[in-house]
Structure formats: C-alpha cells, structure tokens
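Report on one structure; see the data block that follows.
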Amino acid sequence: MAWIPIHDQPYDPVPYRPARVTAEESLRAAADLRARMDERRTVRAFSAEPVPEQAVIDAIAVAATAPSGAHQQPWTFVLVTDPEVRAKIREAAEREEQISYAGRLGEEWLSALRPLGTDQNKPHLTDAPYLIVVFEQRYYLDEESDEQHKHYYVDESVGIAVGMLITALHLAGLAALTHTPSPMKFLSEVLNRPRNEKAFAVIPVGYPADDATVPKLIRKDLEQVLVRF
Ligand code: IYR
C-alpha cells in the first residue's frame, strides 16, 4: 500500500496476530541478543574496505520501522558514498570541531570527553565507505503546495530510529559511529535538504580499521540502571 500523509489517514484498525513463541524461545532469543549487543562498540577508525551496500540499505529499512510520534515517521536518511561529498562534509565538520575543541565546548564538556580520546580530526568521515546522514523533519512539508503540518516528538522518534539503525548495523557485522558534529547546519547545505529538515547525526558505516582501538569504557551494571517496583 502506498504511503499517504498521516493527517489524511482515517482510523482503520486491522488484525495483528504475530506468531506466538514459547517462553524458551523468548529466553534464548533475548539472551543471544543481549550477548551480541554487549559486543557493540562505537568505532572511530574505519577500513576503506567496501561493505555490501544492501546490508546498509536493509539496516536503514530497519530504522524506518521505528515507532514515531503520531506515526509521522519524521526522518530522512541520506546515504553518502560520493568521495567528493564526504570530503566536503569532513572539511566543514573539522572546521567546526576545531573551534569546539579550542574552547567553545567549555572545560566541563572537554573533560567529559577526555576518556573518549576524541579531537577535531574526523578521518572517519572520509575513510568509512558509507555515511548515513540522518535528518529529522521538524514539520511536514509538501514542497509542491508548501502545505505544512506539525510533527510531534521528533527528537524522541528519530533517536529511537537511530538506535534501531546502529543495532541493525551491528547485527549485520558492521561498525558505526554516532557522530554529532556541532553545529550541523552545514549538512543541510552540502546535502541540499529542504527547510523542514534538520541534521540529527552523521553515522559513518564500515568495517573497523585493522589497527582500530576503542577506549576501555565500562558499562554500568544492570543493577545500576534497572529499578524494580
Ligand atoms: N562533536 C564533537 C564532540 C563530542 C561530543 C560528544 I557528547 C561525544 O560523545 C563525542 C564527541 C566530536 O564529534 O568530536
């Protein structure tokens, strides 16, 4: 069925009967996924080795199944492979980060970043074979008629979609980085996005470089993050 904007759709419930799995199957699937996801790490050093494009497309399709405020699906995923465009993005991002790391972030923020070892150099923007630039649609815009409608819970919706995206990429054996160069306005210009869209994150995707390292970060124990009543 072809998509129509949510504000033009009636309430039209249909039966939902997903296959019922046994308790054993649920336990096994949940434990397997828990172990697999515990292996995910944010990667900042990528190999230039090509990645099967369909795996990236499928991960974007997974992200696009995310729940969203009023089911408005307020996201656009721009898949960038063109080396010239990636170089432009890197140049603009590094120009901003230069200013950020030279002091714009402030002492408290810079000290929070210290354990990550980040700096103004962003080689992943040109080394990784794919960049997925995620835009949030702040409002609905029909570019032809200029009709506009409000979108609801845009940050939450797009954040959930990005979480599903990095999960799907990881399960497909691909590494990713959720990168938020700040400010990100240059991405709208470089990628020629309409005025209702605002950049949310840049996600380089690929295989880790052979000599990639990651900071020795410690996840909180489940007891610290899970509260029961
Ligand atoms: N945008 C900068 C700074 C940065 C901010 C946070 I919060 C991070 O978790 C990591 C980096 C950069 O990309 O380097």
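The values are calculated or read from the model by the stated rules, or taken from the named source; none is laboratory data. The structure displayed is predicted, hence computed values, not measured ones. No Cβ is skipped: glycine too gets one built from the backbone with ideal geometry, and neighbour counts run over all protein chains shown.
Structure values in brief
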item: Members of segment 77-96 that are in contact with a strand residue (DSSP E or B) (Cβ under 8 Å, 6 or more places away or on another chain) and either within 12 Å of the ligand (Cβ to nearest atom) or at pLDDT below 95 (or both); result: A93
item: Selection from segment 166-215 of residues that are of a type in the set (F, W, Y) and without any contact (Cβ under 8 Å) to a residue 60 or more places away in the chain; result: none
item: Per-region count, segment 37-47, residues under 16 Å from L171 (Cβ atoms) and either surrounded by 12 or more Cβ atoms within 10 Å (Cβ to Cβ) or in contact with a Ser or Thr (Cβ under 8 Å, 6 or more places away or on another chain) (or both); result: 5
item: Test result for A66, farther than 25 Å from R195 by Cβ, more than 13 Å from the ligand (Cβ to nearest atom) and among the small types (G, A, S); result: no
item: R34 vs. criteria of a type in the set (D, E, K, R), part of a helix (DSSP H, G or I), closer than 24 Å to A161 by Cα and touching a Ser or Thr at 6+ places or on another chain (Cβ under 6 Å); result: no
item: Out of T76, T118, sole residue that is among the hydroxyl-bearing types (S, T, Y), closer than 16 Å to L191 by Cβ and either part of a helix (DSSP H, G or I) or within 22 Å of the chain's Cα centre (by Cα) (or both); result: T76
item: Cβ pairs under 8 Å, 6+ apart, first in segment 100-123 and more than 19 Å from A212 (Cα to Cα), second among the charged types (D, E, K, R) and near the ligand (Cβ under 10 Å from one of its atoms); result: Y101/D119
item: Qualifying position, being assigned to a loop (DSSP other than H, G, I, E, B), at pLDDT 95 or above and surrounded by 10 or more Cβ atoms within 10 Å (Cβ to Cβ), among V56, V62, V21; result: V21
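Per-residue answers, yes or no, for (1) more than 14 Å from the ligand (Cβ to nearest atom); (2) modelled with pLDDT of 95 or more; (3) farther than 27 Å from R219 by Cβ:
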site: Q98; (1), (2), (3): no, yes, yes
site: A102; (1), (2), (3): no, yes, yes
site: G106; (1), (2), (3): no, yes, no
site: L113; (1), (2), (3): no, yes, no
site: D119; (1), (2), (3): no, yes, no
site: L141; (1), (2), (3): yes, yes, yes
site: D155; (1), (2), (3): yes, yes, no
site: I160; (1), (2), (3): yes, yes, no
site: T167; (1), (2), (3): yes, yes, no
